[in-house]
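Inspection log for the structure reproduced underneath, given as structure tokens.
The values are calculated or read from the model by the stated rules, or taken from the named source; none is laboratory data. Predicted, not measured: the structure shown is a model, and the values here were computed from it. Neighbour counts run over all protein chains shown; Cβ positions are idealised from the backbone, glycine included. Surface accessibility is based on the protein's heavy atoms, side chains included, excluding ligands, DNA and RNA. Shrake-Rupley method; radii C 1.70, N 1.55, O 1.52, S 1.80 Å.
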Amino acid sequence: MAGGKVDGDLTSLLGRVKPASMNKISLIASILYAFCSLAYAGPERYSGKEIKEVAPPPPPRPNWSGFYVGAFGGYKFGSTPIDLSLGGDWNFRPEDRNVVEAHAPDNLDASGAEAGGLIGYNYQFTNKWVVGLEAAGGYLWLRNSDESGIFHTPATGDFNIKTSFKTHYLVTIGPRIGYAFGKWLPYVTGGLAIGDLDLFQRIRGLTYFFEEGGKQIETNVGWMVGGGLEYALTAHWSARAQYQYVDLGEIDFNHSPGFGGVSNFIGNSVKPT
């Protein structure tokens, strides 16, 4: 997700489901089983007539209607292109500027685990279609960093660049629509995505010491789309696997002047491709 978007997310979820009519159906089935047991209890008697065995009723189908809460864990992969554009005093040393920009990373594709919780509501109609609204929020360990090592420029000497990118949390809110068959519920979803983008970059001159750079943290509002497959384990519990694509837009910062009395301009941005 990072610099703007999450290319892929494979998430397994476990949720508590409390269908409105499932408890009643289970109770009726229990009464029928108890009645059949009592009917065949006691000493054997033969009437001379053939006794037909009555098969128990089939298990009830899940009813997905109702509120639910749950927890999830997963892993995210983020595409994070980065663009460094130097100005100010760097324009008087274009050869140095070009070398420094060339040694800055052009992407920090990040990955990391995610864990959180969700809450939602489903409504099932025509016994097949399920529509609902769900909100999910989790902590992300999505991060990556890069260090250029020491490199040499024609006029100013040796330099070093450090860059890092992080995303700490992600919240998604959106409708779901699915089609139930048996205990399975495939569905699609899409809606709002909210997350933070944390970008840091520092350029350090080693021959004639100076340092410039900056850090920017923003909460961005973007969008998400995805789909998944949910399975009813029991009348109250379900599990699912889900793929999600998230785009959180971009983050940028400008910094001036540099440390050590050198006035320079650094422009940095993370942009979705």
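Numerical summary
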item: Stretch gain in nm, segment TYR169-VAL225, where the contour uses 0.36 nm per residue and the Cα spacing is subtracted; result: 18.4 nm
item: Calculated FRET efficiency for the pair TYR179/PHE151, C-beta based, R₀ 51 Å, to 0.05; result: 0.35
item: Surface accessible to a 1.4 Å probe, TYR208 within the full protein complex, Å²; result: 150 Å²
item: Nearest-0.05 FRET efficiency for ASP196 and PHE125, computed from C-beta distance (R0 35 Å); result: 0.40
item: Amide N of the stretch 73-93 lying under 15 Å from the label point, which is placed 7 angstrom from the Cα of ASP106 along Cα→Cβ; result: 80-85
item: The stretch 59-179, accessible surface, carbon-and-sulfur percent (1.4 angstrom probe); result: 59 percent
item: With every protein chain in place, the stretch 210-254: carbon and sulfur % of accessible area (1.4 Å); result: 57 percent
item: Karplus (6.51, -1.76, 1.60) ³J(HN,Hα), θ = phi - 60°, over the stretch 193-208, in Hz, Gly and Pro reported as x; result: 10, 10, x, 9, 10, 10, 10, 9, 8, 9, 10, 10, x, 9, 6, 10
item: Residues listed by number, the stretch 196-217, amide nitrogen under 19 Å from ASP158 label point at 7 Å toward C-beta; result: 202-212
item: Using θ = phi - 60° and Karplus 6.51 cos²θ - 1.76 cosθ + 1.60, couplings along the stretch 117-125 (whole Hz; Gly, Pro as x); result: x, 8, 8, x, 9, 10, 9, 9, 9
item: Reciprocal of mean inverse Cα separation for the stretch 184-261 (Kirkwood radius, Å); result: 16.5 Å
